[in-house]
1. Quick check on segment 137-194: of everything there that is part of a helix (DSSP H, G or I), charged (D, E, K, R) and out of contact with any helix residue (DSSP H, G or I) (no Cβ under 9 Å at 6 or more places or on another chain), which residue is farthest from VAL52 (Cα to Cα)?
2. Does segment 50-77 hold any residues that are of a type outside the set (Val, Ile, Thr), closer than 21 Å to VAL109 by Cβ and part of a loop (DSSP other than H, G, I, E, B), and which are they?
3. Provide a single number: the residues in segment 143-168 that are farther than 23 Å from GLN132 by Cβ and surrounded by 10 or more Cβ atoms within 10 Å (Cβ to Cβ).
4. In segment 64-86, how many residues are of a type outside the set (Ser, Thr, Tyr), more than 16 Å from ASP127 (Cβ to Cβ) and crowded, with 20+ Cβ neighbours inside 10 Å?
5. Tell me which of these SER86 doesn't satisfy, since it passes every other one: (1) within 22 Å of ILE164 (Cα to Cα); (2) in contact with a strand residue (DSSP E or B) (Cβ under 8 Å, 6 or more places away or on another chain); (3) polar (S, T, N, Q).
6. Has segment 111-122 got at least one residue that is buried (at least 17 other Cβ atoms within 10 Å of the Cβ) and either touching a residue at least 60 places away in the same chain (Cβ under 8 Å) or outside any loop (DSSP other than H, G, I, E, B) (or both)?
7. Would you say ILE179 is closer than 15 Å to VAL73 by Cβ and of a type in the set (A, V, I, L, M)?
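Derivation of every value follows stated rules applied to the coordinates shown; laboratory data play no part. Since the model is a prediction, treat every value here as computed from it, not as a measurement. For neighbour counting, all protein chains shown are included, and Cβ atoms are generated from backbone atoms with ideal geometry for every residue, glycine included.
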Amino acid sequence: MAELANDLGSPFCPKCGGRTIRKVVGGRERDTCPDCGYTQYTVATIGIGALVFRGDSVLLVERGIPPVGIWTVPSGFLEQDDDITSALVREVKEETALDVTNVQGIVIVRNTVRTDKNDLYVVMLCDVDKNQQPEPDGRESTQARFVPTSELDTVGISEFSRWIVTHYLHHKPTPMKMITIPGYRADAKVFGNF
C-alpha cells in the first residue's frame, strides 16, 4: 500500500494524477512523481495580524473559531491570490466590519517552525475609519472592540497578542513600508525601512 506521505494528504500527484513515490531531493525525502517529475515541497502558511490603535485602546476580537473565546488582534491567513496588504484589509473587514484607511507597514514578524508546520505571521500597523465602530462577524469573531491597553488583563487575551501590543507600545518600532521597484517584477512587493 502506498504511503499517504505528501503534504496534500494524498499518494497522487497534484499536477498529473500519477502515483507519487518518496525520493531524496535537495537533501530531504519528498514526494515526487515519476510520471511528470513534479516534486511536492512543504508549503508554509502565512498569517497576517492587524495592530490598530484608537487613542489608548487597541482593536481586539474574541475568536469564534478555535481557540474559541480567546481575544486576539484581528488576523487570518493569506489566500493564494492575496498580497499581505490586501489580506490585512480583508481580514480586518471580515472580523470587525471596519475599513482600513492606512497601512503603515510591518512591525513584527514571527516564524514558527515545527516538524508538522512552518508558518510566518506578519503583524502590520494600520489605521481604520475613525467614524466606524467594530462589529463582529458572528462566526470568526464573536466580539470586536477597542480595549484600553491598561485593561488587557480584563479580557482573555492570547499571550502572543498581549506581547504584540506591549512590545509595540514599549519599543515603537518603525514600520517597514511597502514599495514596488521600478523595472522589477510587478507582482513583487518589497518591504523595508526606506
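1. Within segment 137-194, the subset part of a helix (DSSP H, G or I) is 149-154, 159-171.
Keeping just the survivors that are charged (D, E, K, R) gives 151, 153, 159, 162.
With out of contact with any helix residue (DSSP H, G or I) (no Cβ under 9 Å at 6 or more places or on another chain) added as a condition, the list becomes 151, 159.
Values: GLU151: 16, GLU159: 17 Å.
If we take residues in segment 137-194 being part of a helix (DSSP H, G or I), charged (D, E, K, R) and out of contact with any helix residue (DSSP H, G or I) (no Cβ under 9 Å at 6 or more places or on another chain), then GLU159 is farthest from VAL52 (Cα to Cα).
2. As a first pass, look at segment 50-77 and keep what is of a type outside the set (Val, Ile, Thr): 50-51, 53-57, 59-60, 62-64, 66-67, 69, 71, 74-77.
Filter once more, keeping what is closer than 21 Å to VAL109 by Cβ: 50-51, 53, 59-60, 74-77.
Passing the criteria: only PRO74.
3. Here is the first cut: in segment 143-168, the residues farther than 23 Å from GLN132 by Cβ are 150, 153-154, 156, 158-160, 162-163, 166-167.
Pick out the ones that are also surrounded by 10 or more Cβ atoms within 10 Å (Cβ to Cβ) and you get 154, 156, 158, 160, 162-163, 166-167.
Of the residues in segment 143-168, 8 are farther than 23 Å from GLN132 by Cβ and surrounded by 10 or more Cβ atoms within 10 Å (Cβ to Cβ).
4. Filtering segment 64-86 for residues of a type outside the set (Ser, Thr, Tyr) gives 64-71, 73-74, 76-84.
Still in the list and also more than 16 Å from ASP127 (Cβ to Cβ): 64-71, 76-84.
Narrowing further to those that are crowded, with 20+ Cβ neighbours inside 10 Å: 71.
Qualifying residue count, segment 64-86: 1.
5. (2)
6. Of the residues in segment 111-122, the ones buried (at least 17 other Cβ atoms within 10 Å of the Cβ) are 121-122.
Remaining after also requiring either touching a residue at least 60 places away in the same chain (Cβ under 8 Å) or outside any loop (DSSP other than H, G, I, E, B) (or both): 121-122.
So far as segment 111-122 goes, yes, one or more of its residues are buried (at least 17 other Cβ atoms within 10 Å of the Cβ) and either touching a residue at least 60 places away in the same chain (Cβ under 8 Å) or outside any loop (DSSP other than H, G, I, E, B) (or both).
7. Working: closer than 15 Å to VAL73 by Cβ: no; of a type in the set (A, V, I, L, M): yes.
The answer is no for ILE179.
To keep it simple, each residue is scored yes or no on (1) of a type outside the set (Ser, Thr, Tyr); (2) in a strand (DSSP E or B); (3) surrounded by fewer than 16 Cβ atoms within 10 Å (Cβ to Cβ).
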position: LYS15; (1), (2), (3): yes, no, yes
position: LYS23; (1), (2), (3): yes, yes, yes
position: GLY37; (1), (2), (3): yes, no, yes
position: ILE48; (1), (2), (3): yes, yes, no
position: LEU88; (1), (2), (3): yes, no, no
position: ILE106; (1), (2), (3): yes, yes, no
